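Read the figures in this text as sums done on the coordinates, not as results from a lab. The shown structure was predicted, so the numbers you read here are calculated from the model rather than taken from an experiment. Please note: Cβ atoms are built from the backbone with ideal geometry, for glycine as well, and neighbour counts cover all protein chains shown.
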Amino acid sequence: MMDKMKHEFKEQLKIKGLVEEIKHNLDYHPFRNNYECPLFMLKVDELMDISTCEDIRNSLSLLNCSADLMIVTAAKDIQQAKDYCYPQAEPIDYSLAGLYHDTVLELTSQQKNEDSYNPQFFHDILYECEPHEFCMKVFTHALYANPKRSGEELHKLHSTLQALPTASFNSIAKVMVKFSYNDLPKEYKSCLLYLAIFSPGQKISRSTLIARWVAEGLTSKEDWPSSMRQANRCFDTLIGRCLVYPADIGTTGNVKSCIVGDPVHGFITAIARKQHIVETRLSHHLARHFSIFNDLQLRSSDRIDKFFQGLYKSSQVSLLKVLDLEGCQCFAGKNQRYLKDICSKMLLLKYLSLRRTDITQLPNEINNLRELEVLDIRQTEIPQHATANILLLKLKRLLAGHIDPSNFGYSGRIPHRIEKMVNMEVLSNVKAQHSHDLKDIGKLWQLRKLGVVIDDKDSHLKNLLKAISDLHECLCSLSITTPIATPHEAELPEVNVPYLKKHPKILESLSIKGTIQKGRLLPLFIKGDNNKLAKITLCQTLLSKDDMEVLAKLPKLRCVRLQHIVCTEHMLNFKGGEFRCLKYLVVEDSDLTNITFEDGSASELEKIVLSISSECSVSGVDCLPKLKELELNSSLCVSLLHDAKQIAKLTLRDTLLEVDALQLLTKKPNIRCLMLLDKSLGGTQNEITLEKDEFLWLNLLVVDCSAITKIVFNSGSAPRLEKIVWSSSTSLSSIDKLPRLKELEFNGDKVPNEVSEAIEKHRNKPSLKHNGPETRNEAKGDEEEDDNDAATFSCWKKQV
């Protein structure tokens, strides 16, 4: 008993001594007869018992002041933590699961008064998912799509998670993906399973995927426009539920391409094989070319050439609806006959892509494909005249031409009987041989996108403007190319002709490349009170001061791309209060000497891309409050790096920086993503060493620059770096010292042994994706979108 009393007495003396020491370090207020109010932070590994907490509170009362105590712990028992709150309150949960839990409670707040509502289910499910954010995100986004979940459904999900033999990422992810998948409409499930024919991590174009879904009959609507709308909604739903990732985001905010991650791909592949959507015999490199539910006798080891060699005598291809040969180099020499075989055997084809193939002929037999809805011959060497004889009455999309900014590209001819193809919705990069071809386009009253090349003739301009006038209620996107060089000095007048009697009502995208001697085309389309233009591209044409003033007042303009333009004043001045909706600005090789952003101008601008080949002063970038992304493609733009302090994503190409200049970036407080591309650094041998407290907030690092031979990560550098993408010209050292590293992506032939060893040493065991030369070529072809829309990859952390 005496020993216990002695121990307690000693403890009280210790506490009194601590209290006196604390008082000694506090400021005393004589007029209030007490000390300043301190905040005590107590970090504990495990939650202590209640009596200990009360003893601490009582001890702090000896300070004769109002002291606050904050207890910080990694323990997960929220119920027990409530007992420490004085006065009684909810503890603040700063964990990742807690963040998602707050979001879920907000999403389901309208169900609070229902009998089945039990918020504890949400808490328990999210904490079963820890530490895997992907699983929490899928659950949260599934609730966002459908917040009205029964208690029975949530209880079953929680029980399933608890019953898992191992709480591994793969097992939890499978359960959460299944939870979201089961809630999808039948058609959406089919569209998701369809993605199993592509390789995991492969970039898939939105327009390609949606057209294929419709051609396969996976959407339930009968007519093409309704099917396309439903397919677009399905795509957005899959993105919104995090079942597929956005890869490229266009300048108007639409997701242009997507990627299926490993967890979802594994899940959908298993189901697709059971339902025979994916043939087990075909590997991904073959399956992506054909319709689903095919009965092709091909081995997974076969090449696409094998398929064509026996095509002329095959009876198994007659039911194919989709043939996507993008990137296949199999038509060389005598193999050009393969396309004739296709046109003779696959009479039910609805989708045919020959994009980026080595095809050089388009036979007359193409008109045998009477069910064809999409024909894509972009980036091929098919001669211009070959498209003139196309007559396919059900064709919805004719995608032609080979884009080449140096000479305005290479286009196909407008079909002579285009007026008969009344179902046409997209007519891309076609050239008028005769002026009446342009007039006939005006009869295509379902046409939404038109890309046309005209000669500098009055008859061409007259009939084009008449056609645009006839299509004023349906045309959403318009591209006009004229093969005339840019004027160097004299300002051209506005085109003043009476042929455009009705301005397009819903035109959102406008591209003008080249000039005509009659004057400037731009003013024809940017004037008017009800202008819906969101994106404007000007290339090798003239931009006057008056045009700039009209552009500045367009109410919905989000993207401006100026490529090789001539400005009458050799400057761009963004004045306060103007360009209110502008989010994306591209300036490439124009004759500008000055670009100025006044305070209050372009207040929504998020991304700037500059490729300047002559001396040009850029000022006022620090006045752009929402600027997040900067892409510099010239050594003449480097001075911007000092002003753009708010940048979250920085892309450097052809900037030829010195290593010392690059070191200045390491202290930029907001950089989340850094992309060092070709010639971003000067010289040939550059070793970059990152020291402690450099790149404190960097999440993603992409290196594809032969001048960077090695990157060394010392302890404490890039503490939040989660993903590195690099190529074979650069070696990585000490990546095991990056505490949050989760993903590595290597572009090259063989993964370096040093990296493999570092992965084994790393406590996170980061995943490794290896892109060989063939994979990289596929990705390169996907970069060019259908409307040549610039894309941006979201690479920094976003809110849930």
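Laid out as a table, the results:
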| read-out | value |
| --- | --- |
| Local electrostatic count at Asn463 - Lys and Arg +1, Asp and Glu -1, tallied over other residues with Cβ under 13 Å | -1 |
| Debye equation applied to the C-alpha atoms of the range 96-182, log10 I(q)/I(0) at 0.10, 0.15 Å⁻¹ | -0.21, -0.48 |
| Kirkwood hydrodynamic radius of the range 281-382, from inverse mean 1/r over distinct Cα pairs, in Å | 13.6 Å |
| Of Lys607/Lys723; Lys345/Lys449; Lys174/Lys742; Lys203/Lys645; Lys137/Lys761, pairs whose Cα-Cα distance is over 24 Å | Lys345/Lys449; Lys203/Lys645; Lys137/Lys761 |
| Cα centroid separation, the range 350-392 to the range 546-599 (Å) | 39 Å |
| Protection proxy ranking of 424-430, 659-665, 499-505 - average other beta-carbon atoms within 10 Å, highest first | 424-430, 499-505, 659-665 |
| Fewest-first ranking of Trp726, Trp697, using other Cβ atoms within 10 Å as the exposure measure | Trp697, Trp726 |
| Over 19 Å between alpha carbons, listed pairs Lys466/Lys527; Lys443/Lys518; Lys466/Lys501; Lys556/Lys626; Lys189/Lys394; Lys394/Lys431 | Lys443/Lys518; Lys189/Lys394; Lys394/Lys431 |
| Rounded, prolate or oblate (a/c below 1.5 giving rounded, otherwise prolate when a/b exceeds b/c) for the range 193-289 by Cα gyration tensor | oblate |
| Inter-centroid distance (Cα atoms) of the range 147-186 relative to the range 615-677, Å | 44 Å |
